[in-house]
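The structure under discussion appears below in the form of structure tokens.
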Amino acid sequence: MKASLLDELSRRPLLGDGATGTQLQSMGLAPGACGERWNLDHPDRVRELHRRYLAAGSDLLTTNSFGGTTTVLAGHGLDAQARAINAAAASLAREIAGDRAWVLGDIGPFGGMLEPFGDVAPEAAEAAFRAQAEALLAGGADALLVETMSDPAEMELALRAGRSAGAPVLLATYAFQKTAVGYRTMMGTTAAEAVRRAREAGADIVGANCGTELSLADYEKLTAELVAAAGGVPVIVQPNAGSPVIRDGRISYAESAAEFAAAAPRLLAAGARIVGGCCGSTPDHIAAMRPQVKR
Ligand SMILES: [Zn+2]
């Protein structure tokens, strides 16, 4: 029987997986198309991606459900299928993970702006998160990962929804960018403030993913800030592989698997307890990091 994620994390650092969206694009998903729909239409390709990450050594498999809130799916006319899409996302990852890896039910932003900056009432956003959280847990997710958040108020709603849906473990990661006054989310929130609010809203693990214009050296510094703010709560850091660059009409990412392998021990030394990758990272990046994350 697999240990609980938090118990295992108290014993050893864990390796996450890499990108989902950019990997699905390399498997034929058209830019702008709904990748989450593949959970229903092309489950074999989604299974194949999970299988590649498991073979690369991932301890954690992230479900293909980043854009799986009813609010985001509505943009593709798929909101009525939200439950089926999210439950399938979790069961596909579960099927491949078995008891060899933990399944993180992935929850991304709901796709709008909350009042007072935007026109979405908090109750509506929370309901969208709740519906997604319930379906991911029903499909077999071990934990929920709320990621790429910019607004701590939105993070709080997603965490509350996850907790009320019964998530055994909640991970909370924000997207930061480098500014003249330090690392901030797009909403201007510092790492310290972002982490504090996520912890107060019940996050068991806190951190960062998918930054804008952040080098791996920036992630190392950001990790130290996150750890200082986390007060003993485990920290997860999943960098994107540099910024996307368009070459010959194709999107590519600058940072190599070898650079990720070199960064992994530095992120762990800075206090991260889970390392993985975000956009642009591949099973090769994860496989290169594996020897650096001691089992
Ligand atoms: Zn990303």
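Values quoted throughout were computed directly from the atomic coordinates according to the rules given, and no laboratory measurement underlies them. Computed from a prediction, not measured in an experiment: that's the story for all the values here.
Within the listed set 258, 131, 224, the Gaussian network model of the chain (springs between alpha-carbon atoms below 10 Å) gives the highest mean-square fluctuation for 258. Taking every DSSP beta bridge that has both ends in the chain, the antiparallel portion is near 25%. Each Cα pair under 8 Å and six or more residues apart adds its sequence gap; the mean of these over the residue count of region 204-256 is a relative contact order of 40 percent. Result for the chain in a Gaussian network model with C-alpha springs under 10 Å: among 162, 75, 108, the largest mean-square fluctuation is at 75.
Only Cα pairs within less than 10 Å get springs; with that Gaussian network setup on the chain, which residue of 242, 277, 98 has the largest fluctuation? Checking each option, the largest mean-square fluctuation is seen for 98. Dividing the mean sequence gap of close Cα pairs (under 8 Å, 6+ apart) by how many residues region 35-140 holds gives a relative contact order of 33 percent.
Convex hull volume per residue, computed on the Cα atoms of the chain, equals 120 Å³.
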